[in-house]
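The values are calculated or read from the model by the stated rules, or taken from the named source; none is laboratory data. All values derive from a computational prediction rather than experimental measurement. No Cβ is skipped: glycine too gets one built from the backbone with ideal geometry, and neighbour counts run over all protein chains shown.
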Amino acid sequence: MADEVLKVEGLQQHYGGSHILRGLDFTLKAGEVTVVLGRNGVGKTTLLKSLMGVVPVTSGRIELGGVDVTKLKSHERVRAGFGYVPQGREIFGRLSVMENLEMGLASKPASTPLPGEIFELFPVLKQMQGRRGGDLSGGQQQQLAIGRALAAGPKVLLLDEPTEGIQPNVIKDIGKVIKHLAHDKGLAVLLVEQFYDFAAELADQYLLMQRGEIVARGRGADMELDGVREKLAL
Ligand SMILES: Nc1ncnc2c1ncn2[C@@H]1O[C@H](COP(=O)(O)OP(=O)(O)OP(=O)(O)O)[C@@H](O)[C@H]1O
């Protein structure tokens, strides 16, 4: 289907002798938020790292916008349309807010401007553009990490636990931005999330992982009916 931006087939990953991802198949559609749920250690972060080329996969195929990116380097995947917000944010503490955002343009030709939209979404980043990344609060750093991931104009945005260690009011703002990016801007969003209520509020599609496999999936609106909350607690 034309609106399937990301197609993942038979994805397997090992860390040494440990088999972490055990044959994942899923697709992401433009304009939708897909939430990946699962307990600690099931392989959610490894999935995002595998999509980004941060860790090598053992087998399987990753197709982004019709292009096979499985063998590409991370910066080439950014060029192909991935934006990545890693767990823990990974802000450069000694660089300014502006310099952190410009890091998101590394895969683009020199002098490519930052999309003005970043400052519309996160006005606080404009106010604080000269400040050091390390001086920002956790919530502001998360907004900076999302802004940096948007700098190169991604088609698919990967977010790894953006609510971790963040104040409830900022969590709300981040939720609104994620919805807006998918529903109004047409991005395909893949959100790894531990916090069930936040995930359920945002999900158009959900994928539930256990031990490196997708054990349940469906529409976000059916999460409660499908008993995802209970399955997560198992
Ligand atoms: N660099 C690594 N080397 C070896 N094993 C690893 C490495 N990183 C993760 N693992 C193992 O891979 C498994 C999956 O880890 P992963 O971080 O992907 O889980 P997760 O679902 O994202 O959990 P969390 O929510 O805690 O981040 C775990 O058993 C973990 O111990």
Note down all Cβ pairs under 9 Å where the first residue falls in region 215-234 and is farther than 23 Å from residue 41 by Cβ, the second is part of a helix (DSSP H, G or I) and small (Gly, Ala, Ser), and they're at least six residues apart or on different chains.
220/199; 220/200; 224/200
Could you tell me whether region 165-176 includes any residue that is without any contact (Cβ under 8 Å) to a residue 40 or more places away in the chain, exposed (fewer than 15 other Cβ atoms within 10 Å of the Cβ) and closer than 17 Å to residue 5 by Cα?
no
Only one of these is closer than 22 Å to residue 151 by Cβ, modelled with pLDDT of 90 or more and hydroxyl-bearing (Ser, Thr, Tyr): 111, 96. Name it.
96
Matching entry among 207, 181 (being within 18 Å of the chain's Cα centre (by Cα), over 30 Å from residue 106 (Cα atoms), of a type outside the set (D, E, K, R) and at pLDDT 95 or above):
207
Options 66, 41, 60, 10: the member that is more than 23 Å from residue 200 (Cβ to Cβ) and modelled with pLDDT under 95:
66
Restricted to region 194-234 and to residues being out of contact with any Lys or Arg (no Cβ under 9 Å at 6 or more places or on another chain) and under 22 Å from residue 50 (Cβ atoms), the residue surrounded by the fewest Cβ atoms within 10 Å (Cβ to Cβ) is 217
Do we find a residue being touching a residue at least 40 places away in the same chain (Cβ under 8 Å) and on the phi > 0 side of the Ramachandran plot anywhere in region 36-56?
yes
With region 1-63 as the region, which strands (runs of 3 or more DSSP E) entirely inside it contain at least 2 residues that are within 8 Å of the ligand (Cβ to nearest atom)?
18-29
Just to verify a result, which residue in region 65-79, among those that are closer than 30 Å to residue 195 by Cβ and out of contact with any Lys or Arg (no Cβ under 7 Å at 6 or more places or on another chain), is farthest from the ligand (Cβ to nearest atom)?
78
Of all residues in region 25-51, count the ones that are crowded, with 20+ Cβ neighbours inside 10 Å, of a type outside the set (S, T, N, Q) and closer than 21 Å to residue 15 by Cβ.
9
Can you find even one residue in region 112-133 that is within 22 Å of residue 94 (Cα to Cα) and of a type in the set (Ser, Thr, Tyr)?
no
